[in-house]
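The values are calculated or read from the model by the stated rules, or taken from the named source; none is laboratory data. The shown structure was predicted, so the numbers you read here are calculated from the model rather than taken from an experiment. Here the Cβ is made from the backbone with ideal geometry for all residues, glycine too, and neighbour counts use every protein chain on show. Ligands, DNA and RNA are stripped out before the accessible areas are found, and what is left, the full protein with its side chains, is counted by its heavy atoms. Shrake-Rupley method; radii C 1.70, N 1.55, O 1.52, S 1.80 Å.
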Amino acid sequence: MQNLCPCGSNKSYENCCKQYISGNKKPKTAELLMRSRYSAYVFQEIDYIINTTNPNNRNDYSYEDIENWSKSSKWKKLIILNTEKGTESDITGIVEFQAFYEINGISQIHHEKSVFDKIDNVWYYTTQLPVSPIKINRNSPCPCGSGKKYKKCCGK
């Protein structure tokens, strides 16, 4: 059986994000770009992350910082919380997501609203919008969807 794509699509990596990361296809929506960028973090495809960042904003990001975060993290799960626009017919879109990962044995949740823009019919990550922090009680269900209590799952 082929490995499932880490983006959470329930498709094989070969039939999902790999086709974008390899350059064989371009994501048709902002959400597909978001998912493929997450998979690029998982597989440490730093060039893809840089190349899918809006060309006007690339100087705002450090290749080394992205590489360090990608390599030092054990990526666990991506959950798409909401998308606004970002379809094939749009020129802008917003994808709100949570990325679950672990650094030095400590579980982390990266919660972000990403803004994407289409330039010359190609989607790019542009920036992030502020999000309200999520307050999680230790005895609450874990937001990763495991069915366990937060303290027994990502809150370790």
From the residues in the range 83-100 that are open to solvent by 60 Å² or more (accessible area, probe 1.4 Å) and either acidic (D, E) or modelled with pLDDT under 95 (or both), which one is nearest to the chain's Cα centre (by Cα)?
E84
Some residue of the range 57-70 being of a type in the set (S, T, Y), open to solvent by 50 Å² or more (accessible area, probe 1.4 Å) and not in a loop (DSSP other than H, G, I, E, B):
yes
Across the range 101-149, which residue is surrounded by the fewest Cβ atoms within 10 Å (Cβ to Cβ) among those that are over 29 Å from N56 (Cβ atoms) and of a type in the set (K, R)?
K135
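Yes/no per residue for (1) assigned to a loop (DSSP other than H, G, I, E, B); (2) open to solvent by 30 Å² or more (accessible area, probe 1.4 Å); (3) in contact with a strand residue (DSSP E or B) (Cβ under 9 Å, 6 or more places away or on another chain):
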{"site": "S9", "(1), (2), (3)": "yes, yes, no"}
{"site": "N15", "(1), (2), (3)": "yes, yes, no"}
{"site": "Q19", "(1), (2), (3)": "no, yes, no"}
{"site": "P27", "(1), (2), (3)": "yes, no, yes"}
{"site": "E31", "(1), (2), (3)": "no, yes, yes"}
{"site": "Y48", "(1), (2), (3)": "no, no, no"}
